[in-house]
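Engineer: The structure that follows is given in the form of structure tokens.
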């Protein structure tokens with residue numbers, strides 16, 4: 001039996017579901033599914049400019065595993081760009097390291113460190129939602 | 001509570017910067033003394049670990065809350081260890097609007 005995949009740590013899931021190409025005549029039929037860990041690998045390497053070793057530590061995976069995830073992300077992205085596909089960011093084997101909360105009144109997202117009761121740091125309201 | 005916000009300009013009307021590490025200025029506001037200060041981001045000229053340098057400076061200013069549009073992975077790690085709360089406001093929120101949200 002194949003070994004089950006280890007969960008990969010990500011810091012924050014994107015607050016959108018994907019991308020759609022524009023300026024095309026026909027409706028777009030193809031769809032590329034980018035997993036949350038693939039999104040995170042691109043963010044760490046190409047946006048935060050971390051090397052593979054540091055990025056692998058952040059995602060709590062080995063460096064070869066990280067390289068495979070990153071390579072897969074780049075291939076999918078290239079496919080979507082060349083084949084004019086919709087990119088959906090969903091699924092994968094990821095756990096979110098930090099829970100982000102949202103206060104509807106102040107319209108902010110924030111983290112809570114330790115075991116504190118989740119309260120808005122600005123208005124002190126307990127009427128907050130978990131940002132998933 | 002001491003709040004530090006990543007800003008593109010050194011005035012209250014400046015919007016909160018999207019990037020924590022690469023912003024031009026930090027606005028530091030003490031909600032108890034109402035004291036307001038602007039400091040240049042020390043990490044802006046650095047090629048790497050800019051965010052870490054900026055975060056260390058804010059921790060040395062005893063900041064409780066850091067405000068920016070996005071925090072890099074290393075900065076998140078440092079702030080979590082230093083017990084600094086990270087806040088992401090809506091896009092284009094000015095520093096003044098943010099300060100006004102604090103419960104009087």
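Engineer: Quick test of your reading of the structure: residue B:69 fulfils all but one of (1) without any contact (Cβ under 8 Å) to a residue 40 or more places away in the chain; (2) touching a strand residue (DSSP E or B) at 6+ places or on another chain (Cβ under 8 Å); (3) closer than 18 Å to residue A:43 by Cβ. Name the failing condition by number.
Structural biologist: (1)
Engineer: Please pick out the residue among A:34, A:44 that is at pLDDT 85 or above, within 30 Å of residue B:4 (Cβ to Cβ), within 13 Å of the chain's Cα centre (by Cα) and surrounded by 20 or more Cβ atoms within 10 Å (Cβ to Cβ).
Structural biologist: Values: A:34 fails: within 30 Å of residue B:4 (Cβ to Cβ).
None of the others qualify; the one that does is A:44.
Engineer: Could I ask something else about it? Using the structure shown, decide if residue B:76 is in contact with a helix residue (DSSP H, G or I) (Cβ under 7 Å, 6 or more places away or on another chain) and within 14 Å of chain A (Cβ to nearest Cβ). Spell out the reasoning first.
Structural biologist: Numbers: in contact with a helix residue (DSSP H, G or I) (Cβ under 7 Å, 6 or more places away or on another chain): no; within 14 Å of chain A (Cβ to nearest Cβ): yes.
So residue B:76 does not fit the description; no.
Engineer: Here is a further query. Show me the helices (runs of 4 or more DSSP H) found entirely inside chain B where at least 2 residues are under 11 Å from the mean Cα position of the chain (by Cα). Show your work before the answer.
Structural biologist: Details: elements: B:50-60, B:73-81, B:95-101.
Ranges flagged: B:50-60.
Engineer: Mind checking which residues of segment A:84-132 are outside any loop (DSSP other than H, G, I, E, B) and touching a residue at least 60 places away in the same chain (Cβ under 8 Å)? Even if it seems obvious, please write down each step before you answer.
Structural biologist: Filtering segment A:84-132 for residues outside any loop (DSSP other than H, G, I, E, B) gives A:86-89, A:94-96, A:100-103, A:108-111, A:128-131.
If the condition is that a residue be outside any loop (DSSP other than H, G, I, E, B) and touching a residue at least 60 places away in the same chain (Cβ under 8 Å), then A:86, A:87, A:88, A:89, A:94, A:95, A:96, A:100, A:131 are the ones that fit.
Engineer: If I filter segment B:51-65 down to residues being within 10 Å of chain A (Cβ to nearest Cβ) and in contact with a strand residue (DSSP E or B) (Cβ under 8 Å, 6 or more places away or on another chain), which single residue comes out as nearest to residue B:24 (Cα to Cα)?
Structural biologist: We begin by selecting, within segment B:51-65, every residue within 10 Å of chain A (Cβ to nearest Cβ); these are B:51, B:64-65.
Now drop any that are not in contact with a strand residue (DSSP E or B) (Cβ under 8 Å, 6 or more places away or on another chain), which leaves B:64-65.
Values: B:64: 20, B:65: 18 Å.
Restricting to residues being within 10 Å of chain A (Cβ to nearest Cβ) and in contact with a strand residue (DSSP E or B) (Cβ under 8 Å, 6 or more places away or on another chain), the top hit is B:65.
Engineer: Of all residues in segment A:40-79, which are away from chain B (no Cβ under 13 Å) and part of a loop (DSSP other than H, G, I, E, B)?
Structural biologist: Within segment A:40-79, A:61, A:62 qualify.
The values are calculated or read from the model by the stated rules, or taken from the named source; none is laboratory data. Remember, predicted model here, so these are calculated numbers, not experimental data. No Cβ is skipped: glycine too gets one built from the backbone with ideal geometry, and neighbour counts run over all protein chains shown.
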